[in-house]
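Presented below is the structure to which this report refers.
The values are calculated or read from the model by the stated rules, or taken from the named source; none is laboratory data. Just so you know, these numbers come straight off a predicted model, no measurement behind them. Backbone-built Cβ (ideal geometry, glycine too); neighbour counts: all protein chains shown.
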Amino acid sequence: MRNSTHQPHRNQTGAADRIAALIQPRPFSDPHSDTTQAASADFSHVDLFSHAPQRSPIQRRWAVSEANELPEPEAQLARETAWSLAPPTPPLVQRQSAPPAIQRKKENEAPLSQIQGLPMYALLPKLLTLPSEVLSDEAAGGFVGGPRLVTAMRTVKAKGTAWLDFATAHNGELAALPTDQIGDIIRFLGAPQEARYFKADQFDGRFDGAVDPAKALVTLFFRVKFQVAEGARFGAAAAGTPAWEKETQAGLQQFKADFKRVVEESWSNKGTVQPACPIGAIRSFQTKVVVTVVESGEHKLIHIFSDSAEGRSNMGAEGNLQVSDNQAKNETKQVTDPTGRHPEQVTNKQIPAAHEFGHAIGLKHPHCPGGDDNCYGVTAEERRDIMGAGDKVQVIKRNGKVIHDDFMAFERIAERWGKDVLPGALAKCNQWSAG
Ligand SMILES: [Zn+2]
């Protein structure tokens with residue numbers, strides 16, 4: 001589908017040189033020491049594999065919603081079912097997120113108040129001239145200028161750190177600002193002219209994306225909010241008891257940390273995306289996922305259910321996961337080769353949360369879009385895919401044609417970047433492929 005022919009440098013010299021000047025060449029297969037293997041606990045004794053065929057009417061509906069965004073009425077019904085099963089978090093779980101009381105100093109308000117109405121590009125250098133005590137008084141900043149001023153103050157305090165590190169730590173704050181102000185902030189932190197941070201409105205609300213051409217890196221930012229479904233149990237205590245409250249608090253914190261870890265490990269540094277022709281020194285971008293657990297400004301709200309709850313984990317308009325979904329589960333399955341003639345057995349390991357994350361960023365099952373078991377793959381290659389029943393982030397081709405591409409979201413970010421920064425002669429390179 002995509003033209004992956006590598007074109008020679010023709011009519012590109014000016015723009016290519018300009019970009020090349022900003023970009024350090026970098027080896028494609030940079031080893032990443034921070035990438036560790038996903039949890040390898042053996043859960044083969046667990047009967048409930050999230051995607052095993054299930055038969056009750058309710059489970060069937062959930063299974064359909066798993067294929068997300070099907071126009072069929074049944075898919076709509078499935079989302080409604082998910083809704084009705086997902087009441088708001090009990091008050092006791094929310095209690096812990098109450099903000100700490102902060103004292104602001106009256107004398108810090110005046111200098112902040114005087115400049116807070118400036119455009120971002122003018123505000124940042126003005127803030128830089130203020131004493132650090134004023135800059136650190138975020139309570140005063142929030143009082144006189146709201147979240148925008150607080151983000152600007154944090155930007156100025158962070159001057160000297162890499163722009164992408166700041167964006168990683170504060171992606172929710174950036175996404176709350178207009179696009180031109182995000183540009184002012186990252187430029188203030190030293191981002192090259194071609195660096196970009198894109199908000200989720202560019203990607204159907206599913207994720208934010210950033211491109212750092214100097215690092216040859218595409219980053220996908222995913223903000224998730226978790227809600228514990230009523231009566232969900234992380235341990236053995238009876239719902240509503242003090243022991244259950246304690247277990248739920250601890251379980252939720254663990255779940256948040258585990259989800260971030262397993263999704264980032266499963267999806268980061270698994271391959272590169274390439275433009276149709278080289279862009280300056282850039283021949284490919286590495287790919288990375290950053291998960292941020294938030295209380296607001298999320299891309300996806302996910303309800304957490306007990307492992308014993310009916311229904312499959314899924315990602316409809318709102319997501320549903322089970323307590324153990326951050327742990328790998330095994331499946332052994334009889335499959336065929338692509339000709340359908342030669343049966344073989346494959347055993348796959350999958351972390352259900354990592355699979356569901358793929359749906360959340362817009363991916364479907366490798367064999368067909370629905371929730372039937374064969375949609376998870378009828379060949380070993382399909383079955384091993386992270387969107388099948390396995391853990392491989394890959395591109396599946398048949399007869400030279402791409403039939404499934406787990407890197408689609410990264411290619412969309414790269415393409416959006418290309419629209420901004422590739423001038424006329426290079427525009428033809430703005431078609432991206434992976435693997
Ligand atoms: Zn699925």
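Quick check on GLN350: is it within 30 Å of VAL228 (Cα to Cα), within 13 Å of the ligand (Cβ to nearest atom) and either crowded, with 17+ Cβ neighbours inside 10 Å or in contact (Cβ under 8 Å) with a residue 12 or more places away in the chain (or both)?
yes
How about segment 366-388: which of its residues are more than 9 Å from the ligand (Cβ to nearest atom), modelled with pLDDT of 95 or more and aliphatic (A, V, I, L, M)?
Answer for segment 366-388, where residues must be more than 9 Å from the ligand (Cβ to nearest atom), modelled with pLDDT of 95 or more and aliphatic (A, V, I, L, M): just ILE386.
Just a yes or no: is a residue in segment 411-421 within 23 Å of the chain's Cα centre (by Cα), part of a strand (DSSP E or B), crowded, with 23+ Cβ neighbours inside 10 Å and at pLDDT 95 or above? Explain how you work it out, then say what you get.
Narrowing segment 411-421 to residues within 23 Å of the chain's Cα centre (by Cα): 411-420.
Among the residues that remain, those that are also part of a strand (DSSP E or B) are: none.
No, because not a single residue in segment 411-421 is within 23 Å of the chain's Cα centre (by Cα), part of a strand (DSSP E or B), crowded, with 23+ Cβ neighbours inside 10 Å and at pLDDT 95 or above.
Looking at PHE357, PHE407, which one is more than 16 Å from the ligand (Cβ to nearest atom), modelled with pLDDT of 90 or more and either among the hydroxyl-bearing types (Ser, Thr, Tyr) or under 25 Å from PHE207 (Cβ atoms) (or both)?
Just a single option satisfies the conditions, and that option is PHE407.
Checking the conditions here, which among LEU363, LEU321 is aliphatic (A, V, I, L, M), in contact with a strand residue (DSSP E or B) (Cβ under 9 Å, 6 or more places away or on another chain), closer than 20 Å to ILE396 by Cβ and within 16 Å of the ligand (Cβ to nearest atom)?
LEU363
Somewhere in segment 279-294, is a residue surrounded by 21 or more Cβ atoms within 10 Å (Cβ to Cβ), part of a strand (DSSP E or B) and within 16 Å of the ligand (Cβ to nearest atom)?
Checked segment 279-294: no residue is surrounded by 21 or more Cβ atoms within 10 Å (Cβ to Cβ), part of a strand (DSSP E or B) and within 16 Å of the ligand (Cβ to nearest atom).
Take segment 147-189 and flag every residue that is small (Gly, Ala, Ser) and under 16 Å from SER296 (Cα atoms).
Matches in segment 147-189: ALA169, GLY172, ALA175, ALA176.
Could we say that GLN274 is away from the ligand (no atom under 16 Å from the Cβ), more than 16 Å from ARG223 (Cα to Cα) and not in a loop (DSSP other than H, G, I, E, B) here?
Yes; evaluated as a whole, the condition is true for this residue.
Is it fair to say ALA216 is at positive phi and out of contact with any Leu (no Cβ under 9 Å at 6 or more places or on another chain)?
So ALA216 passes the test.
Being in contact (Cβ under 8 Å) with a residue 24 or more places away in the chain, touching a helix residue (DSSP H, G or I) at 6+ places or on another chain (Cβ under 9 Å), more than 24 Å from ALA354 (Cα to Cα) and surrounded by fewer than 21 Cβ atoms within 10 Å (Cβ to Cβ): is that true of ALA195 here?
Working: in contact (Cβ under 8 Å) with a residue 24 or more places away in the chain: yes; touching a helix residue (DSSP H, G or I) at 6+ places or on another chain (Cβ under 9 Å): yes; more than 24 Å from ALA354 (Cα to Cα): yes; surrounded by fewer than 21 Cβ atoms within 10 Å (Cβ to Cβ): no.
No; evaluated as a whole, the condition is false for this residue.
From the residues in segment 324-347 that are buried (at least 22 other Cβ atoms within 10 Å of the Cβ) and within 19 Å of HIS303 (Cα to Cα), which one is nearest to the ligand (Cβ to nearest atom)?
The extreme case among them is ASP325.
Given (1) more than 26 Å from GLN202 (Cβ to Cβ); (2) assigned to a loop (DSSP other than H, G, I, E, B), identify the lone condition not met by ASN269.
Here ASN269 meets the rest and fails (1).
For segment 215-234, indicate whether the set of residues that are over 14 Å from the mean Cα position of the chain (by Cα), surrounded by fewer than 17 Cβ atoms within 10 Å (Cβ to Cβ) and free of Cβ contacts under 8 Å to residues at least 60 places away in the same chain is non-empty.
Scanning segment 215-234 turns up no residue that is over 14 Å from the mean Cα position of the chain (by Cα), surrounded by fewer than 17 Cβ atoms within 10 Å (Cβ to Cβ) and free of Cβ contacts under 8 Å to residues at least 60 places away in the same chain.
Within segment 235-245, is even one residue acidic (Asp, Glu) and either part of a helix (DSSP H, G or I) or farther than 21 Å from PHE285 by Cα (or both)?
Yes, because at least one residue in segment 235-245 is acidic (Asp, Glu) and either part of a helix (DSSP H, G or I) or farther than 21 Å from PHE285 by Cα (or both).
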